[in-house]
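Single-structure report; data block below.
Every number here is computed from the coordinates shown, using simple stated rules; none is lab data. Nothing here was measured: the structure is a model prediction, and the numbers come from that model. Reconstructed Cβ throughout: ideal geometry from the backbone, glycine too, with neighbour counts over all protein chains shown.
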Amino acid sequence: MKAYEGLTAFRYKFVIIFLFTLAASILLVSFAPGLLTPGEPDFYRPYMEFLEKIYKTMDDGYYMPISRYRYDEFVKKYKDQVLSKLTVTDHVVPMVAWRGAGLLTIALRDTKDKFTNFIPPQGS
């Protein structure tokens, strides 16, 4: 009978440890999803800051309200289609940043607006 009691106590301990582990993993996935997904590479940061600057400039000075949703969709596509193909470097490639700013301006402007464009600095 003593062997049976020892086996039952082991089962209870095993079940309790399993339930705590399950609860901890559920809480981890629920409250900290960023811990499990990889972040964007560090060399994306200057490009994203530049696009955010263009967005803020258009949001402040454009004659119509600018959609944040359209900006977020553009950034997602820009990361997937352009930045993911760049090689990791320590410096920003100006042409990639300016091309992204020009495409962002086109994506954010009104469909009837044919005059608003991004003009890169001289010497480009």
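Computed from backbone phi, the HN-Hα couplings of region 93-105 come to 8, x, 5, 5, 5, 5, 5, x, 5, x, 5, 5, 4 Hz, rounded to whole numbers (Karplus: 6.51 cos²θ - 1.76 cosθ + 1.60, θ = phi - 60°; Gly and Pro given as x). Computed from the Cβ-Cβ distance with R0 of 30 Å, the FRET efficiency linking H91 to Y62 stands at 0.45.
For the chain, the longest principal axis of the alpha carbon atoms and the long axis of helix 45-61 meet at an angle near 60°.
The calculated FRET efficiency for D80 paired with A24, based on their beta-carbon distance and R0 = 25 Å, is about 0.15.
Taking Cα atoms only, the orientation of helix 2-31 departs from the longest principal axis of the chain by about 10 degrees.
Here the Karplus curve 6.51 cos²θ - 1.76 cosθ + 1.60, taken at θ = phi - 60°, turns the phi angles of region 72-87 into couplings of 4, 5, 5, 4, 4, 5, 5, 5, 5, 9, 10, 5, 5, 8, 6, 7 Hz, with x standing for Gly and Pro. The count of lysine pairs in the chain with alpha-carbon distances below 17 Å, taking only pairs 8 or more places apart or on different chains, stands at 5.
What's the magnitude of the charge dipole for the chain around its Cα centre, counting Lys and Arg as +1 and Asp and Glu as -1 at the beta-carbon? Answer in Debye, nearest 20.
Working: 16 positive and 13 negative charges, 69 e Å.
That gives the chain a dipole magnitude of about 340 debye.
Its relative contact order, with pairs defined as Cα atoms under 8 Å and 6+ residues apart, puts the chain at 26 percent.
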